[in-house]
Amino acid sequence: MTVEKRFKLVLLLNVLTGLCGFSIANNAAPLLGPVVVLAVAGWWVTEVRPGSRGRAGIPRWLATSILLIMLVVAVVRAWNSSDLVMAFAEFLASIIVLKLWEKREVRDYGQLLTLSLFMAVSATLSDTGFVIGVLWAVQLPLMVIGVMLYQIYSAKDRARLAASRALAEPPANTETTLRMRPLLATSSAMIASGLAFSIVVFIIIPRGMGGDGIGLLKSRGGPRVSGFSSEVEPGAGALISESQTSVIEMSLTRAGKPAGGPGESFYLRGAVLDSYDRSGGAGTWRERYIERNIRTEDRVRGGRWASFGGELPPDYLEQHITVLRPQLADNFVPVFALFQPAAIRFEGNTPMQTIAFDPRTARLQRSGIARDLSYVVQSAPNVRDPDRTERSADVSFDSERVHARAVAALRRSGVEEDPVKRPLAEDGRAARVMETYLRNNYVYDTKDLRPPVGEDSTEWFLDTNKRGHCEYFASAMASMCRSVGIDARIVAGYLANEYDASRDLYVVRESDAHAWVEVDTGVDGWQIFDATPVATTPRLISDTPFSRLGLLTDRIVDFWNANVVSFSQSQQERLIGTASHARMMDVGGDLYRWTRGMRRDVLTRLRSPVLVASIFGGVVLVVGGAVAGVVVYRMRRRRPGGPELGWAMNGQERKVYRRTLHLLAAKGYSKPSSLPPLVYLRTVALQDPTTAERAERIVSLLYESRFGSGGSDPLHEARRRVEEFARLS
């Protein structure tokens with residue numbers, strides 16, 4: 001196989017791999033098929049089709065017009081979505097497909113290679129999952145080999161063009177083969193050295209620094225992915241996360257015996273939201289207030305218990321939880337646990353943690369450095385209070401439309417809607433009626449659902465759209481309960497419903513982020529209600545060859561997420577030693593603080609109007625001077641109808657020399673600018689000795705006029721010979 005064929009094959013593989021990574025990373029798998037078909041079709045038209053020789057396809061003017069249209073579309077999409085990375089990646093993908101259809105020169109192949117690298121980078125910015133890692137492992141050697149083959153191919157093409165110019169006709173197309181052993185050896189050495197350097201850098205870079213951004217430009221928006229959040233905003237137009245990245249592993253015991261199993265689901269509470277704020281337009285559920293009950297014993301290290309729930313009954317449930325992607329917590333962050341937590345103990349050598357427990361909502365939080373975060377939570381079952389006779393005070397929801405829906409649902413089931421007349425013991429039944437009403441009359445949908453501007457998202461969901469994700473269902477049920485005097489709150493967290501029987505634990509993934517409702521049912525206390533139709537459907541792992549293969553794949557993905565994506569400080573310590581890690585953190589921290597200080601100083605100074613005006617004026621002067629210089633340079637070099645004349649013919653000889661070159665060009669002998677005239681005329685003499693002899697005599701007279709002693713009049717003789725040359729031509 002020739003150099004050209006090998007290079008183009010490797011280039012096509014690079015392009016297809018980059019497009020696959022882009023589609024997978026941005027959850028655009030349905031677009032992958034049409035995009036690949038368009039790309040391969042363009043490649044076939046311009047490269048494979050007989051006679052194309054890589055130069056067929058749409059003309060440049062049409063490609064430029066399409067490119068301008070795509071640029072406008074990309075700018076509009078970036079403006080509307082605020083997702084610059086996604087808009088840029090889509091623009092790159094469209095450019096790649098377009099360039100596969102247009103006429104190409106050698107430089108266009110290099111541009112395709114560069115664009116495929118940019119596509120791989122953009123995929124990594126959007127997704128760090130295992131599949132993207134595998135694609136990178138495939139594309140890395142393809143990219144290295146492609147770059148090396150491109151250098152060989154472009155050098156060969158430059159040599160061919162130089163030879164054709166020197167000989168005034170294209171040389172014979174002699175294909176050369178390539179010895180692959182030296183190429184593969186060099187490529188392997190480059191890949192191995194690059195990987196070794198990358199692994200060292202990956203290991204020694206301090207974790208947890210730079211999360212707040214160092215760069216001057218930061219994204220200020222983008223589509224929100226509906227994962228775990230400390231707020232619930234149904235109308236934000238969230239994209240439901242489908243990431244299979246594992247975030248938590250949990251095993252359960254009750255009275256010292258394993259609990260849970262296939263078909264059982266558990267709700268891991270994170271944030272408790274009991275205030276509905278309409279100030280943002282569509283409506284947002286937030287925490288009403290934070291009530292922390294921090295005592296001295298609540299500041300605990302690993303191995304010590306912190307208790308805050310009183311005496312536990314014999315049937316308490318113990319959760320052994322491992323957080324695979326812990327957070328650095330300068331402020332309080334959620335501790336995921338089942339309702340109702342009563343005690344917590346952090347495992348191993350976990351650094352000091354400050355525990356915050358809110359007895360009103362049973363919300364559990366922590367603050368402190370997190371490495372490999374594992375903890376045990378003991379949760380008590382809900383306790384009935386048969387002597388309770390009063391509801392929570394001041395429970396309402398200010399919406400006639402929501403109230404009308406709740407009243408209609410209760411009347412159809414024969415439940416009193418007026419809280420003054422309804423017995424307290426009926427509140428649980430009323431909540432169950434509204435849960436059933438939402439499950440039976442509304443549709444679960446993971447699409448980007450956003451109400452019209454200015455309309456409340458909960459009212460829009462109940463009356464108009466009637467389809468949505470878990471945040472819509474939770475918001476609707478909590479609102480309906482409150483509208484008829486039943487206290488309700490939204491809980492955001494994870495739904496653990498995937499049980500791995502081989503390890504006797506639950507695997508919780510990013511896509512398991514969920515929102516549900518807790519309702520104050522009176523004598524039965526706070527109970528969990530979930531109106532989302534598909535929420536409690538368990539993920540069952542059957543014992544079949546395909547399920548075992550899927551389980552093996554999940555294990556590989558989990559290993560990737562735990563050891564690569566979530567590579568933590570404790571893993572660094574185990575690899576390089578505690579003392580070395582401490583010194584590295586000190587150096588990295590100093591460098592990080594110095595960088596942030598420099599950034600802050602630069603931004604502060606840039607706010608000065610005088611400095612901004614000076615910089616702007618300087619940029620205008622530099623750019624204007626550069627443009628003027630380029631224009632003058634081009635005007636001085638531009639010669640109508642012919643090539644560059646050279647520095648030697650700047651006097652009165654210029655006109656004669658230019659006419660000589662025009663006469664040679666008319667005969668089919670255009671002089672390359674890289675060759676002196678007499679040297680070039682020797683190559684012309686190989687094909688047309690008479691023409692070369694006449695032109696050489698003219699050039700010799702011009703040289704004599706320019707650099708001679710001036711004893712005769714060679715310029716006059718050169719003019720006469722040019723006229724004679726023109727008559728004979």
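A few comments on the model shown:
- For E426, solvent-accessible area (1.4 Å; no DNA, RNA or ligand), Å²: 60
- Chain lengthening between E724 and E416 when straightened (0.36 nm per residue, less Cα-Cα): 99.3 nm
- Residue order for R658, R697 - accessible surface, 1.4 angstrom probe, largest first: R697, R658
- Two-site FRET efficiency, S193 against V627, from Cβ-Cβ distance with R₀ of 56 Å, rounded to 0.05: 0.85
- Among R720, R363, the sequence by solvent-accessible area, most first, with a 1.4 Å probe is R720, R363.
- Our estimate of slack between W136 and V36, defined as 0.36 nm per intervening residue step minus the Cα-Cα distance, is 34.2 nm.
- Theoretical gain in end-to-end length, R697 to I69 [0.36 nm per residue, Cα-Cα removed]: 220.5 nm
- Only protein heavy atoms count here; on that basis, with a 1.4 Å probe, V72 has an accessible area of about 90 Å².
- Each Cα pair of region 400-489 feeds into the Kirkwood radius, which the Stokes-Einstein equation turns, at 20 °C and 1.002 mPa s, into a diffusion coefficient of 161 µm²/s.
- Legend: calculated FRET efficiency, R503 to T2, from the Cβ-Cβ distance at R0 = 56 Å, rounded to 0.05, equals 0.55.
- Ranking by accessible area, most exposed first, for K257, K8 with a 1.4 Å probe: K257, K8
- Solvent accessible area, Å² - R721, 1.4 Å probe, full protein context: 80
The values are calculated or read from the model by the stated rules, or taken from the named source; none is laboratory data. Model, not experiment: these values are computed from the prediction. Please note: Cβ atoms are built from the backbone with ideal geometry, for glycine as well, and neighbour counts cover all protein chains shown. The area values use the complete protein model at the heavy-atom level, side chains included, leaving out ligands, DNA and RNA. Shrake-Rupley method; radii C 1.70, N 1.55, O 1.52, S 1.80 Å.
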